[in-house]
Amino acid sequence: MSEAAAESRRSRLHSRLTACTEESTRTLKKGKKEETEKEVKKPKVVIDDKDRHKPYGKTAWTPVDDVYIMRYYPRTIYDAGEAIDMLKNFQMLDFTPHTQPVYTDLRLNMKLEKKKKVDPFVSTIHLPHPFKTEMNKVLVFTEDADEAKEAQENGAAFAGGVELIQPILDDEISADFYVAVPDILQKLLPLKNKLRKKFPKSKRGSVGIHIPKMLQLFKTGHEYMVESECYVRTQIATLDMPREHIFANLQTILLDVCSHRPADMGPFIERAIIASQTSEALWYKSKDLLPKPAEEKME
């Protein structure tokens, strides 16, 4: 074998050896990277402050003075009744309108089993102490003349069939709520983009055969919805209402919200805030307004 052929053979063997070494190195690095990623994903450690002399990362449980830096102390979470009393005191101290609205803001845990989630929902309920002075305008879709007459006798603002579609599209007539009998639902599809969330749906109770019952609900009902995937923000009363009435309205809304998720999945409401139009936001304990689980009752 000539010297040139031997040199060529040594060169080929060196190239193959280099390629194998590089491949082995890449495989080893990839394996180490995967192991590192697996090690990084550690479970989140929850620090229990229950028996500590002060909360973790805070100065103390409660401030000594009236003026303090809020980030150094844990957030105060009030009883619902106490929070309502504080809102009334804020109004008197600030000389703000006593008829201003009172709102609640809830953050919900929408998670279910196996990566499923609760679908954002819209609900209409009867508050024990309504705060609106005017009734809601309700439009009833039906092609039956007798049903249309019955609807108008029970307080419907408008009642009719497909002849109402074009006036609604042209903004000639409008209503707060739209209800329909099942037979006409398919003919109302041209209104779906116009009405959007107000389009009649059986899940919301706005599709049915009992027109007087639907009118009774929607004429005086209070509507709230889940926004931004997991938040409920709605008015519950006006500040001039008695404390007990505001409390009862708040409890009614919380009970209805929690009915949209199985109770055995744990607490549905993660955070609850109450505020008036001009006041600061107060966090309150929503659990106190809800029925206690059976296990706690047994204990």
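The values are calculated or read from the model by the stated rules, or taken from the named source; none is laboratory data. This one's a predicted model, so the numbers in the text were calculated from it and none came from an experiment. We place every Cβ from the backbone using ideal geometry, glycine too, and count neighbours over all the protein chains shown. Calculation scope for accessible area: heavy atoms of the full protein, side chains included, ligands and nucleic acids excluded. Shrake-Rupley method; radii C 1.70, N 1.55, O 1.52, S 1.80 Å.
Please identify every one of the GluC sites (Glu not before Pro) in segment 179-250 that sits in a loop by DSSP and has no more than 12 other beta carbons within 10 Å of its own beta carbon.
Filter output for segment 179-250: Glu229.
Using packing as a proxy for protection, rank 120-133, 76-89 so that the peptide with the highest average count of other Cβ atoms within 10 Å comes first.
Listed from highest to lowest mean packing, they are 76-89, 120-133.
Would you mind classifying segment 136-228 by shape? Square roots of the alpha carbon gyration tensor eigenvalues, ordered a ≥ b ≥ c; an a/c under 1.5 is rounded, otherwise it is prolate if a/b is larger than b/c and oblate if not.
rounded
On a 20 Å Cα-Cα criterion, which of the cross-link pairs Lys88/Lys285; Lys116/Lys194; Lys197/Lys285 come out too long?
Beyond 20 Å: Lys116/Lys194; Lys197/Lys285.
Pairs to check: Lys149/Lys192; Lys54/Lys111; Lys132/Lys198. Give those whose C-alpha atoms are more than 22 Å from each other in this structure.
With Cα atoms farther than 22 Å apart: Lys149/Lys192; Lys54/Lys111.
For Thr278 and Cys230, what is the calculated FRET efficiency with R₀ set at 45 Å and r taken between the beta-carbons, to the nearest 0.05?
Calculated transfer efficiency: 0.95.
Could you let me know the centre-to-centre spacing of segment 225-264 and segment 106-174, using Cα atoms, in angstrom?
Taking the Cα centre of segment 106-174 as reference, the centre of segment 225-264 is 19 Å away.
Report the extension gain between Leu93 and Met135 in nm, rounded to one decimal, defined as 0.36 nm multiplied by the number of residues separating them, less their alpha carbon distance.
Working it through step by step, the gained length comes to 11.8 nm.
With the cut-off at 1.5 for a/c, could you classify segment 200-299 from its C-alpha gyration tensor as rounded, prolate or oblate?
It is oblate, given that a/c is not under 1.5 and a/b is not larger than b/c.
Return the long-range amide H neighbours of Ser276 (sequence gap of 5 or more, or a different chain), with a cut-off of under 5 Å between placed amide H atoms.
Amide H neighbours of Ser276, under 5 Å, 5+ apart: Tyr103.
What spacing in nm lies between the two simple spin-label points modelled at Asp105 and Tyr78, each 7 Å away from Cα in the Cβ direction?
Each label point is offset 7 Å from its Cα along the Cβ direction, giving 1.5 nm.
Taking segment 120-199, which GluC sites (Glu not before Pro) meet the DSSP loop condition and have no more than 16 other C-beta atoms within 10 Å?
Glu134, Glu143, Glu172
Please arrange Ile274, Ile209 by accessible surface area, largest first, computed with a 1.4 Å probe and ligands excluded.
Reading off the accessible areas and sorting them downward yields Ile209, Ile274.
Between Tyr56 and Met70, what is the label-point separation in nm under the 7 Å Cα-to-beta-carbon projection?
According to this spin-label approximation, the distance is 2.3 nm.
Restrict the search to segment 181-280; then list the trypsin sites (Lys or Arg not before Pro) that DSSP places in a loop and that have at most 12 other Cβ atoms within 10 Å of their Cβ.
Counting only loop positions with at most 12 other Cβ atoms within 10 Å, the trypsin sites (Lys or Arg not before Pro) in segment 181-280 are Lys203.
If you roll a 1.4 angstrom probe over the protein chains with everything in place, what fraction of the accessible area of segment 71-219 belongs to carbon and sulfur, to the nearest %?
Carbon and sulfur: 51 percent of the exposed surface of segment 71-219.
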